[in-house]
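The next block holds one structure in the form of structure tokens; read it before the comments.
The values are calculated or read from the model by the stated rules, or taken from the named source; none is laboratory data. Computed from a prediction, not measured in an experiment: that's the story for all the values here. Cβ placement follows ideal geometry from the backbone for every residue including glycine, while neighbour counts extend to all protein chains displayed.
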Amino acid sequence: MEVSTAVHKNINNSTPSLEKQLPYPRYISKDFMRRLVSKPFSLIMFLLSLGMIAFAVYGWLQGDIYVARLNYVDSSTLVLVGLLLLRAITKLEKQSDLQTVSISLVSVISFIFAYEALYKLSFYFFPWRMSPEELRAFIIQVAVSLVVLAGFAQGIFRFTRGSKIALAAFIVLWVIWLAVGFPQLWDGLNVYLPLIGVPSSWGMIYALNRLTKVALFLFYYLLYA
């Protein structure tokens, strides 16, 4: 009987609990919900993130890819932003309310402005070729995207293996977009003479646009130490 009990205890100790097997147990953990309720700003951010994702999904179901009231932003961008906010809230559940909210905003703002800065630069390749107005906007975008350094300074962000892979995928996809002529969604025309002769369609352009943004999103998503 003692041997059987000992074996049973060893099996229990060697078998991971259900909570450890779940990919993100903190979403359903009572401790997580208790901490979240005690952090009002994080709770508001959490609910807004879920609402943002639900709003985008509802738009997809209605056949609306773009959100007109937000200057026709792609609804998938809202999903990515919502997921980044949730990532910060769940990863920093034991941190202070202010730190959780600030880092979540830092990751989202840096993600958005980094993409916009590179997108603008891709039309010129060199900043000094921009008009004064474009150059001013580009400098602001680069400066704002660098707020991500605050996360590294606090030891919250680091270059994980996954983030490096995502960054490499982003660079490869962006180079492919440039190599096929950097075609644009609004008119379907190439900005440059394509190095790779591939017939461009709206679907291909949209896929390149979204895949590059998803790859950059994964880079930020996987930065958490």
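Assigned to a helix (DSSP H, G or I) and in contact (Cβ under 8 Å) with a residue 24 or more places away in the chain: does that describe Y119?
The answer is no for Y119.
If I ask for residues that are among the hydroxyl-bearing types (S, T, Y), in a helix (DSSP H, G or I) and either touching a residue at least 40 places away in the same chain (Cβ under 8 Å) or within 16 Å of F125 (Cβ to Cβ) (or both), which ones from the range 162-213 would you list?
Selection gives S163, T212.
Among residues belonging to the range 176-209 that are touching a Ser or Thr at 6+ places or on another chain (Cβ under 9 Å) and among the small types (G, A, S), point out the one that is nearest to V73 (Cα to Cα).
Residue satisfying both the conditions and the ranking: G188.
Within the bounds of the range 189-199, is there any residue that is in contact with a helix residue (DSSP H, G or I) (Cβ under 9 Å, 6 or more places away or on another chain), closer than 29 Å to R158 by Cα, surrounded by 12 or more Cβ atoms within 10 Å (Cβ to Cβ) and aromatic (F, W, Y)? Spell out how you get there, then give the answer.
Let us first name the residues in the range 189-199 that are in contact with a helix residue (DSSP H, G or I) (Cβ under 9 Å, 6 or more places away or on another chain), namely 191-192, 194-196, 198.
Then keep just the ones that are closer than 29 Å to R158 by Cα; that gives none.
Checked against the condition, which is being in contact with a helix residue (DSSP H, G or I) (Cβ under 9 Å, 6 or more places away or on another chain), closer than 29 Å to R158 by Cα, surrounded by 12 or more Cβ atoms within 10 Å (Cβ to Cβ) and aromatic (F, W, Y), the range 189-199 yields no hits at all.
Keeping to the range 60-93, report how many residues are touching a strand residue (DSSP E or B) at 6+ places or on another chain (Cβ under 9 Å) and among the aromatic types (F, W, Y).
2
Which of (1) closer than 26 Å to Y206 by Cα; (2) at pLDDT below 90 is the odd one out, the single condition G82 does not satisfy?
(2)
Look through the range 177-188, keep the residues that are of a type in the set (A, V, I, L, M, F, W, C) and closer than 18 Å to E116 by Cα, and return whichever of them is surrounded by the fewest Cβ atoms within 10 Å (Cβ to Cβ).
W186
From G188, G181, G155, grab the single residue that is within 20 Å of the chain's Cα centre (by Cα) and at positive phi.
Going through G188, G181, G155 in turn, the sole match is G155.
Considering (1) at pLDDT 95 or above; (2) under 16 Å from the mean Cα position of the chain (by Cα); (3) of a type in the set (V, I, T), say which one V142 fails and leave the rest.
Condition not satisfied by V142: (2).
Of the conditions (1) in a helix (DSSP H, G or I); (2) within 27 Å of L222 (Cβ to Cβ), Q95 clears all except one; give me its number.
Of the numbered conditions (1) in a helix (DSSP H, G or I); (2) within 27 Å of L222 (Cβ to Cβ), the odd one out for Q95 is (1).
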